[in-house]
1. So which of 308, 344 ends up being within 30 Å of residue 269 (Cα to Cα) and loosely packed, with under 11 Cβ neighbours inside 10 Å?
2. What tally of residues in region 253-286 results from selecting those that are touching a strand residue (DSSP E or B) at 6+ places or on another chain (Cβ under 7 Å) and at pLDDT 90 or above?
3. Select from region 11-53 the residues that are touching a residue at least 40 places away in the same chain (Cβ under 8 Å) and farther than 18 Å from residue 117 by Cα and write down the one among them that is surrounded by the most Cβ atoms within 10 Å (Cβ to Cβ).
4. What number goes with the only condition from (1) more than 28 Å from residue 38 (Cβ to Cβ); (2) under 15 Å from the mean Cα position of the chain (by Cα) that residue 249 does not pass?
5. Does residue 161 satisfy the condition of being out of contact with any strand residue (DSSP E or B) (no Cβ under 8 Å at 6 or more places or on another chain), surrounded by fewer than 19 Cβ atoms within 10 Å (Cβ to Cβ) and either free of Cβ contacts under 8 Å to residues at least 12 places away in the same chain or in a helix (DSSP H, G or I) (or both)?
6. When you go through 247, 211 one by one, which is the residue that is buried (at least 20 other Cβ atoms within 10 Å of the Cβ), touching a helix residue (DSSP H, G or I) at 6+ places or on another chain (Cβ under 7 Å) and either closer than 23 Å to residue 350 by Cβ or not assigned by TED's automatic domain parsing to the domain that holds residue 292 (or both)?
7. Is it true that some residue in region 226-235 is farther than 22 Å from residue 161 by Cβ and in contact with a strand residue (DSSP E or B) (Cβ under 6 Å, 6 or more places away or on another chain)?
8. It is to be established whether one or more residues within region 32-49 are in a helix (DSSP H, G or I), modelled with pLDDT under 85 and within 28 Å of residue 124 (Cβ to Cβ).
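The values are calculated or read from the model by the stated rules, or taken from the named source; none is laboratory data. The model shown is predicted, which means the values in this text are computed figures rather than measured ones. Cβ sites come from the backbone with ideal geometry, for glycine too, and all protein chains shown count toward neighbours.
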């Protein structure tokens, strides 16, 4: 394996061997990557490694085939009645489910041969993407491409810097790992910036716009269930633990403590908690995460009034809540109960808004 050798080979081989096991047992395997963790690099490097072992594995790019001409995707599979690697990236869940289900099922049952599908998504994400159309045999083997641990990450930093003729001190390597964690995409950019600015401290380079944009991209492209979990938004305990477990498996969180592996993620979480909240009469999103179902339509209307106007009288709030039922439903006690319940939900979901009582005016946010 000569290509992309900044990543320690011992770390890769452990994962490659588990993927090869699926091929050897005529199974169907789904390998999950998160954005910018090297899906295409790993696909080609895995195939190169198999070639060295006299094992042929054609790569079929679903993005190129299924979207340009679905029939060409079928023809490619039919021409390769052997184990194949399908690179699906993020689009697997958005193609025509019936066509895809029938195509893959026919291919697998007709040829009784192995199939690997690389996704830029999460197992939870795929489960919720209308997968009832896919037979259970298509989900025998789900594996996550884990980011390297501390030991392999430091080796990666050292290898990547050396290949780019950047000299790093041990203290700089630790600072890089502390901030980037095990994220090669962030590490690459920070090492590049150090090479261009050898006289600057690492802490100063962390404010570089390109590095901030990369960290924001990684955060914004995390699956919504992961964002909700990390932001502390309401989930069932089962949903929360499922998200935490996958984040640990991907290498985003430390095992047991669930602490982020890298300050970039801690900072992204903190920014998001105080960042973007958007409210309308029928929608409530925090940093792009839709949570309107946690509030009643009347509560959303109250939040919308206060968010836009900052202050509102008790009557305005009451009319916004009860609408045409105002005359029949409004009492001071009833409104107090409505506002009290709403305040509790705001605290529970850690929304960046506070409803304050303004004596003689009404309420303010």
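1. Testing whether each residue is within 30 Å of residue 269 (Cα to Cα) and loosely packed, with under 11 Cβ neighbours inside 10 Å leaves just 344.
2. 5
3. In this case the residue turns out to be 11.
4. Going through (1) more than 28 Å from residue 38 (Cβ to Cβ); (2) under 15 Å from the mean Cα position of the chain (by Cα) one by one, residue 249 breaks only (1).
5. So residue 161 fails the test.
6. 247 is the lone residue from the list that is buried (at least 20 other Cβ atoms within 10 Å of the Cβ), touching a helix residue (DSSP H, G or I) at 6+ places or on another chain (Cβ under 7 Å) and either closer than 23 Å to residue 350 by Cβ or not assigned by TED's automatic domain parsing to the domain that holds residue 292 (or both).
7. yes
8. Taking every residue of region 32-49 in turn, none turns out to be in a helix (DSSP H, G or I), modelled with pLDDT under 85 and within 28 Å of residue 124 (Cβ to Cβ).
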